[in-house]
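S.K.: Sending over a structure as structure tokens; questions will come in a sec.
What follows draws every value from the coordinates through simple rules; no lab data is involved. Just so you know, these numbers come straight off a predicted model, no measurement behind them. Please note: Cβ atoms are built from the backbone with ideal geometry, for glycine as well, and neighbour counts cover all protein chains shown.
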Amino acid sequence: METPLKAQHLVIFLLLFPLGPALLLAAVRGAGFRRLLVGAGAAATAAASVALAAVLPSGETLWIAFASPFADQAVIVGEIVVTLFLLAACRRIRRREAWIPVVIAAQGLLLGWAEFGRDLPPVATPLYVDPFSALMAAIIGIVGGLIALYSPGYMADHHRRHPEEKDRRRGFFFLIFLFLSAMFGVVFANHLLWLYFFWEITTLCSFLMIGYTGTEEATRNAFRALGMNALGGLAFALAIVLAGTSSSAPTLEFARVAAPGAALLPAALLAFAGLTKSAQLPFSSWLLGAMVAPTPVSALLHSSTMVKAGVFVVVKLAPALHGTRTGFLLALVGGTTFLAAALLAVTQSHAKRVLAWSTVSNLGLIVACAGVGTPETLWAAAMLILFHAVAKALLFLGVGAIEHRVGSRDIEDMGGLIATRPRLAIAMIVGILGMFLAPFGMLISKWACLKALADHNLLLAVLLAFGSGPTLFFWTKWLGKLISVPSGARASDDVVGDERLALSVLVLLTAGACGLFPLAAAWFVDPWILGLFGAPLALLTRSNLLIMAAMLGMLVILPAISFLQPREPRRVPPYLAGANAGGDAFTGALGATHAVSLRNYYLADFFEENAIVRTATGLALLLTVGMLALA
Amino acid sequence: MAFFKKSPWLLHYDASSCNGCDIEVLACLTPIYDVERFGIVNTGNPKHADILLITGAVNVQNEEIVRNLYGQMPDPKVVVAAGACAMSGGVFQDSYNVLGGIDKVIPVDVYVPGCAVRPEAIIDGVVQSLAILERKAAELKRRGGSGEPEKPS
Amino acid sequence: MPHLVIAKLLTKSAARKPSTRLYPAEKRAPPKGARGRLVMKQIETCVFCGVCGKKCPTRAIAVKRTDKTWELDRLKCIVCGECVEICPKDCLAMEGEHATAFVAKKIETHVQKPKPAASDPT
Amino acid sequence: MKTALLGVVLWLIAAPLVGGLLAGADRILSARLQGRVGPPLLQPFYDALKLWDKRGGVVNRFQNFYMVAFFAFVLASGAIFFAGGDLLLVIFALTLAGVMLALGAWSTHSPYSHVGAEREILQMMAYEPMLLLAAVGMYLAGRSFHVNALASSGIPLVLQLPGVFLGFLLILTIKLRKSPFDLSASHHAHQELVRGITTEYSGRSLALFEIAHWYENVLLLGFVWLFFAFNPALGVAAALAVYFLEVVVDNAYARLTWKVTVRAAWIAAAILGATNLAVVKLLLR
Amino acid sequence: MGQRTIIPFGPQHPVLPEPIHLDLVMEDEKVVEAIPSIGFIHRGLEKMAEKKDFQEMAYIAERICGICSFIHSMGYCQAIEALLKLEIPKRAEYLRVIWSEMSRIHSHLLWLGLTADAFGFESLFMHSWRVREKLLDLIEETSGGRVIFGVCKVGGVRRDVDAETLRRALEALAALEAEYREIAGVFSRDASVKRRMTGIGVLPKEDARALGAVGPTLRGSGVAWDARRLQYAVYGELDWAPITEEAGDCQARCLVRIREIFQSFDLIRQAAGKISDGPVAVKVPGNPRGEYFARLEQPRGEVVYYVKGNGTKNLQRFRVRTPTFANLPPLLKILQGCELSDVPVIVLTIDPCISCAER
């Protein structure tokens, strides 16, 4: 197949270009120059990813031949370096964690054997792009670019607030761009060894970033993340060993066709690796721990992109797993995670933990969709990835900005934000609306999902129905907190500078994704599904689109109408059982005057966190083991 | 239109009464008297109420609360003072802690005598207050609704 | 555990006529001896001794011997009936009917006409 | 298309009339069960018209927007339903309406509204699974998510989905705001929440709430009707019967707590709903 | 964080017909702390004894509370009569017992209704009050007032009840009892009612004693104390025993009251059977001097009237220790850790009478 030159160049540009800013940033100390570099690097990356989407011929998969032997050797050297680096980092482990270097070493040995001990045929096209990869690349380029743009301001503020921490910002920005490069690699790699290499780099970045602050807690959480991802890495290495034989090169090829028998096991192992990377139960705990990292890291690695690499690979495996018992169990792992994580999100008041559980929950849904693997569910999975990436990045960055203005990440401290910091509040509201409410993004995907599951997997449909309740609960109560207006609330400092730009663009993107999602579907997802299954999918009927558009329109028009009311109604203080003492203060017991104090419900004694974690982790563990055993 | 007459919603407040009138107010809601026949509902929320039905001699601690409740009721509204205490302080008028009738605090439209006031008398009083409510509603409409709420005298 | 225990009671109630007394459309005669309202039965025989006023726990009754007036402030009256019991001339009476509500505050005044004359019921 | 439009117009005009009359009948029936006479049949209309003339007050200028939005989305969800549209979209629009209502209560920063709002979304969390499963059940039995297809399929849904129907009746009690599940905005005064969600609403916005509730009731009865749509007349009779059954239940139960509500609704969804779905899936398809 | 919801529960609150304030400090809906604020119905009633004639005070004592009105006036009169060493006629004593038992039934029925409404069982509230109205008719027929009886005075009672009226009253009571039995059945058997009361607001026996609970609140925790055992009036001549329940929860307190209503029906029947003819009042000689306190059993529990006279027509001191006042400490104890939706139910099961407590 002939490759249009331009797209191929863009792919290689995306792979290599971020390394430039990465190396420069590792060397640069000055804040101004750093900002400039980050801005330019982010802009170029984003532009290239958009350009790639634009030039990619609709619906086609481009195979990119890359005949240079240097590339393969560079990858091998890189793998060795990464493994050695990780082993060296394990100096600081505790006794309980002694298994981690063992797993990493085992990975290395397996890989070494696959690489040198066996005679594998060369891979002709180590890279490829299909519409789904292009969509992923656009997400990484744009969202990743925006998060990078947001970071210098945030990190400067972070270090002002924490003078006790060592300033390792040079390393930080190096890792950010290194990570972007690796993510593009994950998305474009066809050669499994390459994919593994990029995969391991993301693990490395995540490990270093979680440990950024250098506190004891951060270090322990970093090792927990490393350990779990190393398990995934081991499965990955096994998959490579099994997938590559003397007759077939180790590529993702095996995953593109329904694979009975031998090909199922590598698929299951890769799916296992995907589960660890996307923090599915029973591995979710590392993602919660990862929330100690600076907020841009949480946004970039732990919600919008890196954890998506896990589900991305799982989605890629869908054709191989479709209709198998392994696929069924994989879907159940996702479904269980979806429900359990949603329940757990209800019990949290720490904003980043809520976001983390909701991320886990949404990734669970995507895994469930991939496990079922019908055109409809894959359509839903791709749309979920898109909406989630945009809205979640917005939410994380919003929480980061709030943290630096309000001084807290606790949702309870965000009361009245709409009155005190309207811009930030609107950013958060748009993000939250995008996450769960009709007619916005996520809900469209859920709608598609439920329809598909009703046909193909009733059990998952039931899990989905049950999970949607708590999802609604925890988002709505957060929303309620943001929009409640205490009397006498005054506007104060809102967002500034880079943060404002990044947040504004993300707000527009989220809104755009919600309003213009049919375009995204038509541009990327529908062609991809067509290419995958050879049959078009008409999920979005005209009448339904019309209804959704009408609902969206109502949401826009209604505020306008209600603010056009002829006269301001009489203002009265809230009902306080007659004990009003001006504004929303009341005369309480013993003659004391209290201001109204309201706390959301967390149902901690109803949804017992430990019990849910234990049960769901146990169940997911059983399912995961079953999934591998049945493969 | 005369819908105030057909749907008067009550707010009952006990501004330090002995309970005698209060249980008679509640008795009005129950099967034997059933004021829901007239569309009367005991709302329990000043913001939903049209009629403030108030019992008891106002004591010092209740003064502000009565004002608050009255202030939170949307216009048009009427006040019915039920029972001797609400009218004048009744048997407690001489006490050091009692201000006297409700009209010492907020304007009263209808006085309902009795100690304790009988349910029938309460019905009479509320029915009388409806005409006043209608009048106030018409007045409000005439002023085009832009006017200030009525100031307590 | 038993559910719908009240069902029998509800069914009976629905089948029966409601137990509501349709006041004010239908007025029930109050029981004999009920204390509804205090009335000045016959001002003619009143001797203006003022005992009723003195005995009244709420000082609702004012008797002015010089003007030959007997005044009742209904806002204060607690219908205890003490005055009725104490009246030496049996001028006062307790009626079963309750006193009606009123809009304007007023003192009920009864003046004894100097010569044979009817009472002034205002 | 024409019938869809007719459905929407009918919904917009007739639903509040029917809903108001039902509310009036509800109040009379309740009164009779309690041995009282009760209000006139048209009482709900009197109430709404009175509220319309009332000079409402607000705690802040945002709160009325949410109420208007609630009203609008209730109308929208009914419009989708009676135009014969997608059942899932009906549910999502209804959920959106519910969220708007809760947000309105939150916006006021008032203690009783706050508790009302929290309870409202607790209730939504309780009934959402069963509602979605009901839609899925109808899809499995009637082979479509579209109301018009389900209605014209001639399939006796209620016979295939008896469990789902029972579960739906349970959550219907929550949605109709009837005892034992009238937690967030009791229509009886004597509750710990004063009026919960509507505490801070007065005048026209309160009237909107009442009217939206009539609309909502009709829509929910529409769901009931759909179970019996193979015989439209029977469907209407069944919807009315269910409504009056709910009134009787309202009068025959104490109000339960939110924990019991969530548990009951989820257990119903898990046992009645899911089992029924499984049976339909295994036996009928 | 440490942020908690604080709800101003009252003074104006539909659940509380009377104003009292509680700061309910909550986490989710769990009440962590309940801090009361009282005084909204304080009318300075005891101090009025210094201004009012001791005979007039009977009217004021009756208006301590409009629900337990009769027993308040009866207790006050008993205390004064003791100071005056006044022997009142037997018939008056019997009539007092009959009226005080009627007042107990009326109070308990009222309570049953309010409790039903507190747990959202509106029709049960309506039916309780429907039945109660029939009793109020009897009270009005015999005493002249519906809730403020106004029949007790120092030296006896102000009016007699003729034999014919008493006979009709007994017939009516029998019919009433049959109707009441149905309602009592709902309270004691219905599943949803049990769900709202069983195991809620448990007051263990030791706590009930230590915190000084009285009345059904005490007896619901298994302590068999009833002030009527002091045999005031003619209770010594009637056959009865205090009613107790062991569980100490809301359900137990409810059951105590339910059974007490039946007991009151029985006591009225017994008293009406034993009543003898004769005068109903004696003349009051002079003014009270010395101190005394009378203990009686009200529907809500034991009440104490302390009177101190100095030989003038005004009392020097009048003090009432009302049952609700005694039951407030146990209430605050059992409110801790309950759910918001149980607050009204728990508050009601001590049968609070704020106007008693604050006077």
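S.K.: Using Cα centres only, tell me the gap between segment E:153-195 and segment A:315-359 in whole Å.
M.R.: That distance is 63 Å.
S.K.: While we're here: Could you list the residues of segment E:85-120 with an amide nitrogen less than 16 Å from a label point located 7 Å from the Cα of E:Phe262 in the Cα-to-C-beta direction?
M.R.: Hits in segment E:85-120 for E:Phe262 at 16 Å: E:105, E:109.
S.K.: So, one more: Check E:Glu339: other-chain or 5+ apart residues with amide H under 5 Å from its amide H, H built from backbone geometry?
M.R.: Sorted by chain and number, the residues that satisfy this are E:Val31.
S.K.: So, one more: Show me, for segment A:466-476, the HN-Hα J-couplings you get by feeding each phi into the Karplus relation (A = 6.51, B = -1.76, C = 1.60, θ = phi - 60°), rounded to Hz, glycine and proline as x.
M.R.: 6, x, 5, x, x, 4, 4, 5, 6, 5, 4
S.K.: Test of understanding: ordering C:Leu38, A:Leu394 by Cβ neighbours within 10 Å, fewest first, what list do you get?
M.R.: Ordered by Cβ neighbours within 10 Å, fewest first: C:Leu38, A:Leu394.
S.K.: May I ask you to sort B:Ile54, E:Ile88 by Cβ crowding, counting other Cβ atoms within 10 Å and putting the fewest first? Could the numbers behind the result be given before it?
M.R.: Working: B:Ile54 30, E:Ile88 21.
Ordered from fewest to most neighbouring Cβ atoms within 10 Å, B:Ile54, E:Ile88 come out as E:Ile88, B:Ile54.
S.K.: Find which of D:Trp106, D:Ala264, D:Ala126 sits farthest along the positive direction of the dipole of the protein assembly as shown, computed with +1 on the beta-carbon of Lys and Arg, -1 on that of Asp and Glu, about the Cα centre.
M.R.: Selected residue: D:Trp106.
S.K.: Might you report the magnitude of the Cβ-based charge dipole of segment D:2-284 about its Cα centre, with Lys and Arg at +1 and Asp and Glu at -1, to the nearest 20 debye? Walk me through the intermediate numbers first.
M.R.: Working: 19 positive and 14 negative charges, 30 e Å.
With Lys and Arg at +1 and Asp and Glu at -1, about 140 debye.
S.K.: Let me ask something else. Take the Cα atoms of chain C, find their three principal axes, and give me the spread along each one in whole Å, biggest first.
M.R.: Ordered largest first, chain C gives principal extents of 74, 29, 29 Å.
S.K.: If I take every Cα pair under 8 Å that is 6 or more residues apart in chain C, average their sequence separation and divide by the length, what percent do I get for the relative contact order?
M.R.: Across chain C, relative contact order equals 29 percent.
S.K.: Then there is this: Taking the simple approach of a point 7 Å from Cα along Cα-to-Cβ for both A:Ala604 and E:Arg229, what is their distance in nm?
M.R.: Placing both labels 7 Å along Cα→Cβ, they lie 4.5 nm apart.
S.K.: Quick check on the protein assembly as shown: helices-only [θ] at 222 nm, where DSSP H runs of length 4 and up contribute -39,500 (n - 2.57) each and the sum goes over total residues. Nearest 500, please.
M.R.: On the way: 56 runs with 868 residues, N = 1550.
The helix contribution divided over the protein assembly as shown gives -18500 deg cm²/dmol.
S.K.: On to the next question. At R0 = 25 Å, how high is the FRET efficiency between A:Ala40 and A:Asp157 if r is their beta carbon distance? Nearest 0.05 is fine.
M.R.: E between A:Ala40 and A:Asp157, to the nearest 0.05, is 0.70.
S.K.: If packing is taken as the average count of other Cβ atoms within 10 Å, what order do A:121-133, B:32-44, D:237-249, A:337-349 fall into, highest mean first?
M.R.: A:337-349, B:32-44, A:121-133, D:237-249
S.K.: Looking only at E:Lys333, E:Lys30, E:Lys51, which one moves most when chain E is put into a Gaussian network model with springs between Cα atoms under 10 Å?
M.R.: Most flexible of the set in this elastic network: E:Lys51.
S.K.: Set the Förster distance to 25 Å, then compute FRET efficiency between E:Glu246 and E:Arg181 from the Cβ-Cβ distance, nearest 0.05. Don't skip to the answer; put the middle values down first.
M.R.: Numbers: r = 23 Å, r/R0 = 0.92.
E(calc), rounded to 0.05, equals 0.60.
S.K.: Here is a follow-up. Using only Cα atoms and rounding to the nearest 10 degrees, what angle (0 to 90) does helix A:325-346 make with the longest principal axis of chain A?
M.R.: Taking Cα atoms only, the helix is inclined about 20 degrees.
S.K.: How crowded by other chains is A:451-458, given as the mean number of beta carbons from other chains within 10 Å of each beta carbon?
M.R.: The shielding value for this peptide is 4.
S.K.: Each residue of segment A:89-95 in turn: what ³J(HN,Hα) in whole Hz from Karplus with 6.51, -1.76, 1.60 and θ = phi - 60°, glycine and Pro shown as x?
M.R.: Result, rounded to whole Hz: 5, 6, 3, 8, 7, 9, 4.
S.K.: Still on this model: Explain nothing, just the number: dipole magnitude of segment C:29-111 about its Cα centre with +1 on each Lys and Arg Cβ and -1 on each Asp and Glu Cβ, in debye rounded to the nearest 20.
M.R.: It works out to roughly 220 debye.
S.K.: In peptide B:101-111, what is the residue-averaged number of other protein chain Cβ atoms found within 10 Å of each Cβ?
M.R.: That average works out to 2.
S.K.: Rank B:Val112, B:Thr43, B:Thr30 by how far each Cα sits towards the positive end of the charge dipole of segment B:9-142 (+1 on Lys, Arg Cβ; -1 on Asp, Glu Cβ) and give me just the farthest.
M.R.: It is B:Thr43.
S.K.: Given labels modelled 7 Å from the Cα in the Cβ direction, how far is it in nm from E:Arg317 to A:Ala595?
M.R.: Inter-label distance under the simple model: 4.7 nm.
S.K.: Right, next: Treating chain D as a set of equal point scatterers at the Cα positions, no solvent, please give the Debye-formula log₁₀ I(q)/I(0) at q = 0.11, 0.15, 0.16 Å⁻¹.
M.R.: Ignoring solvent entirely, the Cα scatterers give -0.62, -1.19, -1.35.
S.K.: Oh, and also: I want the local charge near A:Leu175. Using Cβ-Cβ distances under 11 Å, sum +1 for each Lys or Arg and -1 for each Asp or Glu among the other residues.
M.R.: +3
S.K.: So if we plug the beta-carbon distance of A:Phe533 and D:Ser152 into 1/(1 + (r/R0)^6) with R0 = 25 Å, what FRET efficiency do we get, rounded to 0.05?
M.R.: With a Förster radius of 25 Å, E is 0.20.
S.K.: Pull up the cross-link candidates among the lysines for D:Lys175, meaning alpha carbon to alpha carbon under 27 Å and not fewer than 8 places away within one chain.
M.R.: Result set, ordered by chain and number: A:Lys446, A:Lys451, A:Lys477, A:Lys481, B:Lys47, C:Lys8, D:Lys50, D:Lys259, E:Lys30, E:Lys194.
S.K.: Work out the length of the dipole vector of segment E:228-352 about its Cα centre, built from +1 on the beta-carbon of each Lys and Arg and -1 on the beta-carbon of each Asp and Glu, and round it to the nearest 20 debye.
M.R.: Here the size comes out at about 860 debye.
S.K.: Using Cβ contacts closer than 10 Å as the measure, can you line up A:Val241, D:Val280 from fewest to most?
M.R.: A:Val241, D:Val280
S.K.: Report the far tail of the P(r) of segment B:9-142, meaning the percent of Cα-Cα pairs longer than 27 Å.
M.R.: On the way: 1125 of 8911 pairs.
That fraction is 13 percent.
S.K.: Non-local amide H neighbours of A:Asp410 (under 5 Å, H modeled in plane, Pro and chain starts lacking H): which ones?
M.R.: HN-HN under 5 Å from A:Asp410: A:Ala351.
S.K.: Using alpha-carbon positions, what is the distance between the centroids of segment A:361-433 and segment C:36-67, in Å?
M.R.: Each part reduced to its Cα centre gives a spacing of 80 Å.
S.K.: Could you give the length gained on full extension between C:Glu44 and C:His3, defined as 0.36 nm per residue of separation minus the Cα-Cα distance, in nm?
M.R.: Gain on extension, C:Glu44 to C:His3, equals 8.1 nm.
S.K.: For A:Arg570, enumerate residues with amide H under 5 Å from its amide H, sequence gap 5+ or separate chain, H modeled in the peptide plane.
M.R.: Result for A:Arg570 returns D:Val58.
S.K.: Cβ neighbours within 10 Å, averaged per peptide: list E:320-326, A:169-175 in order, most packed at the top.
M.R.: Output ranking for E:320-326, A:169-175: E:320-326, A:169-175.
S.K.: Is segment E:11-151 best put as rounded, prolate or oblate by its Cα gyration tensor, with a ≥ b ≥ c the root eigenvalues, rounded for a/c under 1.5, and otherwise prolate when a/b is larger than b/c, oblate when not?
M.R.: In terms of gyration-tensor shape, oblate.
S.K.: Shielding by partners for D:119-132, please: the mean number of other protein chain Cβ atoms within 10 Å of each residue's Cβ. Intermediate values should be presented prior to the final figure.
M.R.: On the way: counts 4, 2, 11, 8, 0, 5, 12, 2, 1, 9, 9, 3, 3, 10.
Rounded to a whole number, the mean comes out at 6.
S.K.: Which one, D:Pro162, D:Pro16, D:Pro44, has the greatest fluctuation when you compute a Gaussian network model over chain D with C-alpha springs under 10 angstrom?
M.R.: Residue with maximal mean-square fluctuation among D:Pro162, D:Pro16, D:Pro44: D:Pro162.
S.K.: Let a ≥ b ≥ c be the square roots of the eigenvalues of the Cα gyration tensor of chain E; is it rounded (a/c under 1.5), or, if not, prolate (a/b larger than b/c) or oblate?
M.R.: It is oblate, given that a/c is not under 1.5 and a/b is not larger than b/c.
S.K.: Once label points are set 7 Å from the Cα along Cα→Cβ at both C:Thr11 and E:Asn310, what is their separation, rounded to one decimal in nm?
M.R.: Rounded to a tenth, the inter-label distance reads 6.9 nm.
S.K.: How big is the convex hull of the Cα atoms of segment A:221-372, per residue, in Å³?
M.R.: So the per-residue Cα hull volume is 89 Å³.
S.K.: Which whole-angstrom value gives the distance between the alpha carbon centres of segment D:45-94 and segment A:1-53?
M.R.: A separation of 50 Å, based on Cα centres.
S.K.: Sticking with this structure for a sec: Could you give each residue of segment A:508-520 its phi-based ³J(HN,Hα) in whole Hz, using Karplus coefficients 6.51, -1.76, 1.60 with θ = phi - 60°, and x for Gly or Pro?
M.R.: Going residue by residue, I get 4, 5, 4, 4, x, 4, 6, x, 10, 4, x, 5, 4 Hz, with x marking Gly and Pro.
S.K.: Which whole number in µm²/s is D for the protein assembly as shown by Stokes-Einstein, with the Kirkwood Rh taken over Cα pairs at 20 °C and 1.002 mPa s? Mind showing how you got there, number by number?
M.R.: Details: Rh = 35.9 Å.
Diffusion coefficient, whole number: 60 µm²/s.
S.K.: Next question, about the same structure. Once Lys and Arg get +1 and Asp and Glu get -1 on their Cβ, which of A:Val292, A:Leu509, D:Ala23 lies farthest toward the positive end of the dipole of the protein assembly as shown?
M.R.: D:Ala23
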